[in-house]
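A quick write-up on the structure given underneath.
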Ligand code: PBG
């Protein structure tokens with residue numbers, strides 16, 4: 001047999017025109033893929049920019065309903081609330097964390113009132129309320145597990161009571177998903193879902209977020225005894241198995257872009273609803289490069305988001321949500 005003079009398999013054939021490319025495109029991106037993280041603060045009728053996250057604002061609770069309504073109108077189905085707390089609101093016992101009157105809980109009610117059909121997601125961890133910035137109680141320099149879980153359960157119940165649809169335990173304590181699920185069931189909140197921050201790594205990419213929520217000056221030490229070692233992958237699979245067994249509905253990998261291998265493993269090995277968090281540092285570095293004219297803002301934004309879908313994500317938490325939805329809607 002003589003070989004043909006040219007390749008018979010020319011993969012470029014299907015790349016030749018926009019029509020052909022669109023026919024064979026394997027992944028798609030839509031505003032329905034986004035969960036939009038927002039920052040709320042005390043006060044009335046105000047907003048202020050987050051310096052390390054160009055384009056991101058902190059808003060007072062009375063302004064969050066309008067922002068949510070706009071996002072929902074663009075096709076973004078879910079919003080995730082983070083509170084900005086100053087040092088004077090932080091205590092060692094973190095009591096503000098489970099107060100129905102804290103700004104995060106008031107924001108839940110505000111959004112449900114403004115856009116009842118939008119899914120409202122919360123963050124469950126003590127760090128916005130803790131004097132030392134940790135996600136759990138600190139005793140003798142140690143972040144204690146079980147006492148923290150009891151407090152997280154109190155947070156979860158109040159959030160469910162305020163109308164949250166999706167609870168996001170982001171603390172990385174052991175046993176919290178099971179404890180929260182059991183408490184929700186016995187309190188009659190069977191329909192409240194849990195999107196567990198299952199594989200949350202001890203990452204330097206959270207820097208700008210800690211700025212945004214007022215935690216960078218609070219944090220003493222690091223989070224390495226509870227958040228995951230960036231070197232580990234098998235451990236993430238053990239965490240996924242455990243969280244599903246404990247009653248999580250959805251799984252999150254965090255950060256996003258540097259951890260897409262973990263996303264792919266979760267999707268392939270478990271076939272569960274899988275999300276990734278494109279965190280503050282990922283957002284900040286793309287924005288900074290774009291502002292310098294070193295990267296094309298819209299193109300890197302869309303490429304980075306599409307890559308989450310290709311890797312196996314069902315959705316992405318991203319600060320780009322409104323900007324990307326706007327582009328997608330044309
Ligand atoms: C804290 C929490 C963090 C983020 C979400 N929830 C920071 C941390 O663990 O220190 C980070 C989000 C981001 O960087 O965008 N429970």
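When the chain is treated as a GNM, springs tying every alpha-carbon pair under 10 Å, which of 305, 14, 195 comes out with the largest mean-square fluctuation?
Of the options given, 14 has the highest mean-square fluctuation.
Normalised by the residues of the chain, what does the relative contact order come to in percent, with Cα pairs under 8 Å and at least six apart?
Relative contact order for the chain comes out at 18 percent.
Express in nm, to one decimal, how much length is gained between residue 12 and residue 264 on full extension, taking 0.36 nm for each residue of separation and deducting their alpha carbon distance.
Between residue 12 and residue 264, full extension yields 88.1 nm more.
Can you give the convex hull volume of the alpha carbon atoms of segment 176-319 per residue, in Å³?
133
Considering Cα pairs under 8 angstrom that are at least six residues apart, work out the relative contact order of segment 1-146 and quote it in whole percent.
Relative contact order here is 21 percent.
With everything on Cα atoms, drop me the angle between helix 260-270 and the longest principal axis of the chain, reported from 0 to 90° to the nearest 10.
The angle comes out at about 90 degrees.
What ranking do 131-144, 73-86 get when scored by the average of other Cβ atoms within 10 Å per residue, highest first?
73-86, 131-144
If a/c stays under 1.5 just call it rounded; otherwise compare a/b with b/c (prolate if a/b is bigger, oblate if not). Do that for segment 57-124, with a ≥ b ≥ c from the square roots of the Cα gyration tensor eigenvalues.
The shape class here is prolate.
What is the antiparallel percent of DSSP beta bridges lying wholly in segment 29-329, to the nearest 5?
15
Sorted from largest to smallest, which semi-axis lengths in Å does the alpha carbon gyration tensor of segment 55-188 give for its equivalent ellipsoid, taking the root of 5 times each eigenvalue? List each step's numbers first, then the result.
Details: eigenvalues 136, 62, 27 Å².
Equivalent-ellipsoid dimensions as semi-axes: 26, 18, 12 Å.
In Å and whole numbers, how far do the C-alpha atoms of the chain stretch along each principal axis, longest first?
Result, largest extent first: 79, 43, 39 Å.
Can you tell me the mean projection area, over all orientations, of the convex hull of segment 109-227's alpha carbons? Units nm², please.
That works out to 7.7 nm².
Taken together, the values in this text are just the output of simple stated rules run on the coordinates, not laboratory data. Owing to the predicted nature of the structure, the values given are computational and were not obtained by experimental measurement. As a convention, Cβ positions derive from the backbone with ideal geometry for all residues, glycine included, and neighbour counts pool all protein chains shown.
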